[in-house]
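Data block below; observations after.
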Amino acid sequence: MSDDLLKKVISHAKEYGYIFPSSEIYDGLSATYDYGQNGVELKNNIKKYWWSSMVNMHEDIVGIDAAIFMHPKTWKASGHVDAFNDPLIDNKDSKKRYRADVLIEDHIAKIEAKITKEVAKGLKRFGDDFNKEEFLKTNPNVLRNQAKIDEINDKMRDAFNSEDLGNIKALIEELGIACPVSGSKNWTDVRQFNLMFSTEMGSVAEGSNTIYLRPETAQGIFVNYLNVQKTGRKKIPFGIAQIGKAFRNEIIARQFIFRMREFEQMEMQFFIKPGTQKEWFEKWKETRINWHKALNLGEDNYRFHDHLKLAHYADAATDIEFNFPMGFKELEGVHSRTDFDLKAHEEHSGKKLQYFDPQENKSYVPYVIETSIGLDRMFLAIMSSSLKEEALEDGSTRTVLKLPAALAPTKVAVFPLTKKDGLPEKAREIINELKFDFNCLYEEKDAIGKRYRRQDAAGTPFCITVDHDSLNDNTVTIRDRDTMQQERVLINDLPKIIGEKVSLASLLKKLESREAAIV
RNA sequence: GCAGAAGUAGCUCAGCUGGCUAGAGCGUCAGCCUUCCAAGCUGAGGGUCGCGGGUUCGAAUCCCGUCUUCUGCUCCA
């Protein structure tokens, strides 16, 4: 049922020019999608809403646009190189996945346990006369086991150094390591899992350096923290925002645009005085959920999911989850990242990344609260919660994409009721007035009702129809997408009427008054 | 990666006991009609039946291989 909804969203998104499978004429590329003529407008509008609300409406937040390529040391400092570079192996029976090196190390640990046991036995037998070092050097059982360990370690080191994954698998088989879950020794080949996409910098193959496409935008902010703080003369607390693409080699990238290998993030890192992170964390949690709720996608569609198990760098973390067609899933993360990142960059770069606090009269590395939202996920949240099929009184149904008006790709469609009698010309005149403020669309083909329905499905919030009376009294009808109600208004009043309902400014004002209600 | 399902027109699908030039509905385009909620009329365009091979006089249909997509399993925004 909900799978059905996701399917409907996917096909609707394609049919109305929102999202196409990437490289479709070549059969597509797995989990990669292109945004179409309407998709790019919606996406841009989401970005504008986020950017305006974060950067323009908060005096203490500024934006940057850091490069996707970054110095390789960045990823050493952030932990991405070490944490996401593992040889993986699957057990075919239990379907469990393990790190190959961990499996071998666990095996070694078992042998070590035997030695420990042997030592305990020795201690019991010889009592106070027991010489542990001597025992370890002479006891034949210990020696045999230690030799085994040394041999395994040697082989493992060779295999890892030569990066020969086949040897690693051979070693696992040779040791007879079984899956702890299924107990079977039915293993797949060992595969290297690299979270980061690598490429080469430098046009000649030799002498070029391996660099990575960033797996998150946050590090671009951290490495620029001091630049922004100094040149912007920023005082703590302040934030740096950024919208940009990031790349991750997901093991499994699926569920439409929910999890892609190439995706876009909207992140803000807020730098604060150590010790104040609790209050700021709460503040940003509230601010962000409020941002979401101002869009009216349904209050019930959101929930917080607080992390109990925290990453090594975080001292608090929560997800804002959204009720996607696949269920509640993470849409945005709010994390209290402590000073982990800046400290790591201090160590790796050798540069001081401290802030002198005149009030405290001392320097410190700021703590950081991060808000990080997936732009593509936001897109999916909006699309999936906006797509409705309505049963009408006459028994027919209509498909309507109830996008938040301020985010809709096309704001107004203008129709001449018929194709002659000067109505098309009048309609064009109206568009020529409105086009400077709003994305407009002209349509004269097909019966008027059909044109309305087409715009409903495309998500256009308003349709204006020029009829014969329009020529005499300069009035038109304006139809609301959601209520299907029509109103007769003066052409001159159109910019004001439409502006109130569809402009980003009016949405931001609404957001601001909601935000004022938060302490 | 493993397991399962599916690939025929832009979309949804029929055709699959092998046999005329591969069809329908919707959509698209052109013309007629001139009408305020998808449904009037006329016509047009659009398909190497995912790809490759085999069996056969003959393959969308049977066999083999292959590719792609979708769904589940772990991590994340």
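The values are calculated or read from the model by the stated rules, or taken from the named source; none is laboratory data. Only a predicted model underlies this, so the values are computations on that prediction, with no experimental measurement involved. Every residue, glycine as well, gets a Cβ built from its backbone with ideal geometry; the counts of neighbours run over all protein chains shown.
Of the residues that make up segment A:280-289, is at least one charged (D, E, K, R), within 12 Å of RNA strand B (Cβ to nearest atom), assigned by TED's automatic domain parsing to the domain that holds A:TYR212 and not in a strand (DSSP E or B)? Yes - at least one qualifying residue is present in segment A:280-289. Looking across segment A:478-505 at every residue that is more than 14 Å from A:CYS440 (Cβ to Cβ) and in a helix (DSSP H, G or I), the one that is farthest from RNA strand B (Cβ to nearest atom) is identified as A:ALA505.
Taking the conditions (1) within 12 Å of RNA strand B (Cβ to nearest atom); (2) more than 16 Å from A:THR418 (Cβ to Cβ); (3) touching a Phe, Trp or Tyr at 6+ places or on another chain (Cβ under 8 Å); (4) without any contact (Cβ under 8 Å) to a residue 60 or more places away in the chain in turn, A:THR475 satisfies each one other than (3). Here A:LYS343 does not fit the description of being among the basic types (Lys, Arg) and closer than 17 Å to A:TRP50 by Cα.
Put simply, of A:GLY220, A:GLY244 the only residue that is in a helix (DSSP H, G or I) and within 16 Å of RNA strand B (Cβ to nearest atom) is A:GLY220. Taking each residue of segment A:18-31 that is assigned by TED's automatic domain parsing to the domain that holds A:ALA381 and at positive phi and looking for partners that are at pLDDT 75 or above and not β-branched (Val, Ile, Thr) with beta-carbon atoms closer than 8 Å, six or more apart or interchain, yields A:SER23/A:LEU29; A:GLY28/A:PRO21; A:GLY28/A:SER22; A:ALA31/A:ARG259; A:ALA31/A:MET260; A:ALA31/A:ARG261.
Kindly list the number of the only condition in (1) within 12 Å of RNA strand B (Cβ to nearest atom); (2) of a type outside the set (Phe, Trp, Tyr); (3) within 13 Å of A:THR371 (Cα to Cα) that fails for A:SER336. Just one mismatch for A:SER336, condition (1). Each residue in segment A:447-470 was checked for being more than 6 Å from RNA strand B (Cβ to nearest atom) and either surrounded by fewer than 14 Cβ atoms within 10 Å (Cβ to Cβ) or part of a loop (DSSP other than H, G, I, E, B) (or both), and 5 pass.
Among the candidates A:LYS245, A:LYS234, A:LYS273, the residue that is at pLDDT 90 or above, among the charged types (D, E, K, R) and surrounded by fewer than 16 Cβ atoms within 10 Å (Cβ to Cβ) is uniquely A:LYS245. Can we say A:ALA457 is in the same structural domain as A:ARG254 (by TED's automatic domain parsing) and of a type in the set (Gly, Ala, Ser)? Spelling it out, it is not the case that A:ALA457 is in the same structural domain as A:ARG254 (by TED's automatic domain parsing) and of a type in the set (Gly, Ala, Ser). Could you list, in sequence order, all residues of segment A:485-496 that are surrounded by fewer than 17 Cβ atoms within 10 Å (Cβ to Cβ) and either under 20 Å from A:ASN45 (Cβ atoms) or touching a residue at least 24 places away in the same chain (Cβ under 8 Å) (or both)? Of everything in segment A:485-496, just one residue is surrounded by fewer than 17 Cβ atoms within 10 Å (Cβ to Cβ) and either under 20 Å from A:ASN45 (Cβ atoms) or touching a residue at least 24 places away in the same chain (Cβ under 8 Å) (or both), namely A:PRO495. Of the residues in segment A:345-368, at least one is under 22 Å from the mean Cα position of the chain (by Cα), within 21 Å of A:ALA246 (Cβ to Cβ) and in the same structural domain as A:LEU295 (by TED's automatic domain parsing). Scan segment A:288-342 for residues that are in contact with a helix residue (DSSP H, G or I) (Cβ under 9 Å, 6 or more places away or on another chain), basic (Lys, Arg) and more than 19 Å from A:ASP376 (Cα to Cα) and the total you get is 1. A:ASN167 - would you say it is in contact with a strand residue (DSSP E or B) (Cβ under 8 Å, 6 or more places away or on another chain), surrounded by 12 or more Cβ atoms within 10 Å (Cβ to Cβ), more than 30 Å from A:GLY63 (Cβ to Cβ) and modelled with pLDDT under 80? No; evaluated as a whole, the condition is false for this residue. Does segment A:381-388 contain any residue that is touching a strand residue (DSSP E or B) at 6+ places or on another chain (Cβ under 8 Å) and either part of a loop (DSSP other than H, G, I, E, B) or acidic (Asp, Glu) (or both)? No, segment A:381-388 has no match at all. Could you list, in sequence order, all residues of segment A:10-40 that are more than 10 Å from RNA strand B (Cβ to nearest atom), buried (at least 19 other Cβ atoms within 10 Å of the Cβ) and outside any loop (DSSP other than H, G, I, E, B)? Within segment A:10-40, A:ALA13, A:ILE19, A:TYR35, A:ASN38, A:GLY39 qualify. Of the residues making up segment A:94-139, those that are surrounded by 12 or more Cβ atoms within 10 Å (Cβ to Cβ) and not in a helix (DSSP H, G or I) are A:SER94, A:LYS96, A:ARG97, A:TYR98, A:ARG99, A:PHE130, A:ASN139. For segment A:310-346, the set of residues classified as over 25 Å from A:TYR364 (Cβ atoms) and part of a loop (DSSP other than H, G, I, E, B) consists of A:PRO325, A:MET326, listed by residue number. Note on segment A:274-300: residues that are more than 19 Å from A:ALA314 (Cα to Cα) and basic (Lys, Arg) total 1.
Looking across segment A:425-442 at every residue that is more than 25 Å from A:LEU508 (Cβ to Cβ) and crowded, with 18+ Cβ neighbours inside 10 Å, the one that is nearest to the chain's Cα centre (by Cα) is identified as A:ILE430.
For segment A:404-421, check the following and say yes or no: at least one residue is in a helix (DSSP H, G or I), within 11 Å of RNA strand B (Cβ to nearest atom), out of contact with any helix residue (DSSP H, G or I) (no Cβ under 9 Å at 6 or more places or on another chain) and more than 26 Å from A:VAL9 (Cβ to Cβ). No.
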